[in-house]
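Take a look at the structure below.
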Amino acid sequence: MNTFKSTLLLVLLTLFLLFIGDRFGGRNGMVLAFVLSVAFNFGTYFFSDRIALRMYNAQPVTREQLPRAYAAVERLTAKQGLPMPKIYVLPTESPNAFATGRNPQHASVAVTHGILQLLDDEELEGVLAHELGHVRNRDILTSSIAATLAGAITMVARMGYYASLFGGGGGRGGDRRGGGLQGLLMIIVAPIAASLIQLWISRTREFEADATGAAATGNPYALARALQKLEDYSKRIPMQASPSNAHLFIVAPLLGSGGIGSLFSTHPPMKERIQRLIGRDHI
């Protein structure tokens with residue numbers, strides 16, 4: 001059901017992008033929005049994993065260099081019938097992890113140096129099972145496309161607004177008369193709406209990966225303990241990450257303060273994630 005909802009929201013984001021293009025540029029604007037959507041999604045499909053790994057200076061490691069992580073991943077992939085992903089280490093003391101890749105055959109799992117120092121074997125296995133859950137559920141591509149479409153909507157709205165200011169918009173004349181205020185409202189509302197849809201998809205995928213990871217290990221308490229530790233230590237040593245790919249990490253690098261700010265978090269509240277895993281919101 002969550003996969004259906006995510007797919008439906010991706011379709012909604014695409015239609016929203018086409019609407020923005022039509023609003024500012026008529027048929028030509030819609031064609032431009034469609035071309036941008038195809039181009040961005042093509043780039044996301046083939047290159048998002050390389051971009052993320054290079055952005056965080058991820059270093060590939062061998063079984064000899066990281067035996068405990070390799071052993072856990074080998075057990076989990078064999079149990080779930082998944083190909084063995086490439087494993088990377090990020091040179092940062094902030095404890096975190098992410099998976100990337102367009103499908104299970106091209107997947108990579110990255111862990112930070114900090115998470116290797118912080119978690120015991122059971123907790124590390126829980127985190128790796130969570131990341132492989134993203135791989136198994138094909139969440140990485142879904143979330144990356146959602147983030148890309150949200151960015152494209154923001155860009156098209158801004159392009160259309162500035163073009164309309166100089167008489168370059170090709171939208172419907174009746175809509176454009178006195179449309180300066182409408183256009184200004186559009187470039188404010190459209191990106192916010194697109195971002196909320198993208199973030200909803202990201203948060204939904206996190207719950208699903210938690211459940212998949214807990215089922216794979218048969219030990220939801222280990223994952224819950226890991227999440228609690230990661231939440232606590234990430235506040236002490238925050239992860240320096242780009243908002244464009246913060247959704248990849250198991251713990252949000254950009255920490256919110258709750259309240260209305262939680263609407264714009266890439267991850268659901270940690271207490272809620274732990275509650276769903278073990279039936280209470282703390283260990």
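Looking at Glu74 and the list (1) part of a helix (DSSP H, G or I); (2) surrounded by 19 or more Cβ atoms within 10 Å (Cβ to Cβ), which single condition is not satisfied?
So the condition that Glu74 fails would be (2).
Test of understanding: among Ala147, Ala129, Ala152, Ala157, which residue is among the aliphatic types (A, V, I, L, M), at pLDDT 95 or above and within 23 Å of Leu199 (Cα to Cα)? Talk me through it step by step, then tell me what you get.
Values: Ala147 fails: at pLDDT 95 or above; Ala152 fails: at pLDDT 95 or above; Ala157 fails: at pLDDT 95 or above.
Of Ala147, Ala129, Ala152, Ala157, the one residue that is among the aliphatic types (A, V, I, L, M), at pLDDT 95 or above and within 23 Å of Leu199 (Cα to Cα) is Ala129.
Can you name the number of the only condition in (1) modelled with pLDDT under 70; (2) exposed (fewer than 14 other Cβ atoms within 10 Å of the Cβ) that Ser37 fails?
(2)
List pairs: first in the range 50-76 and free of Cβ contacts under 8 Å to residues at least 12 places away in the same chain, second of a type in the set (A, V, I, L, M, F, W, C) and surrounded by fewer than 16 Cβ atoms within 10 Å (Cβ to Cβ), Cβ under 7 Å, 6+ apart or cross-chain?
Every condition considered, the pairs that remain are Glu74/Met84.
If you scan the range 100-126, which residues turn out to be crowded, with 22+ Cβ neighbours inside 10 Å, in a strand (DSSP E or B) and at pLDDT 95 or above?
Val109, Ala110, Val111, Thr112
Within the group Leu230, Leu184, Leu196, which residue is modelled with pLDDT of 75 or more and part of a helix (DSSP H, G or I)?
Leu230
Just checking, which of Pro95, Pro60 is within 30 Å of Tyr233 (Cβ to Cβ), touching a Gly at 6+ places or on another chain (Cβ under 9 Å) and at pLDDT 70 or above?
Just a single option satisfies the conditions, and that option is Pro95.
Out of all the residues in the range 244-262, which are out of contact with any Gly (no Cβ under 8 Å at 6 or more places or on another chain), surrounded by 13 or more Cβ atoms within 10 Å (Cβ to Cβ) and modelled with pLDDT under 80? Please lay out each step first, then the result.
From the range 244-262, those out of contact with any Gly (no Cβ under 8 Å at 6 or more places or on another chain) are 245-261; that's our starting set.
The next check asks that each one be surrounded by 13 or more Cβ atoms within 10 Å (Cβ to Cβ); those that pass are 245-256.
Result: Leu254, Leu255, Gly256.
The values are calculated or read from the model by the stated rules, or taken from the named source; none is laboratory data. All figures in this text were calculated on a predicted structure; none of them were measured in a lab. Neighbour counts are summed over all protein chains in view; Cβ atoms, including those assigned to glycine, are modelled from backbone coordinates with ideal geometry.
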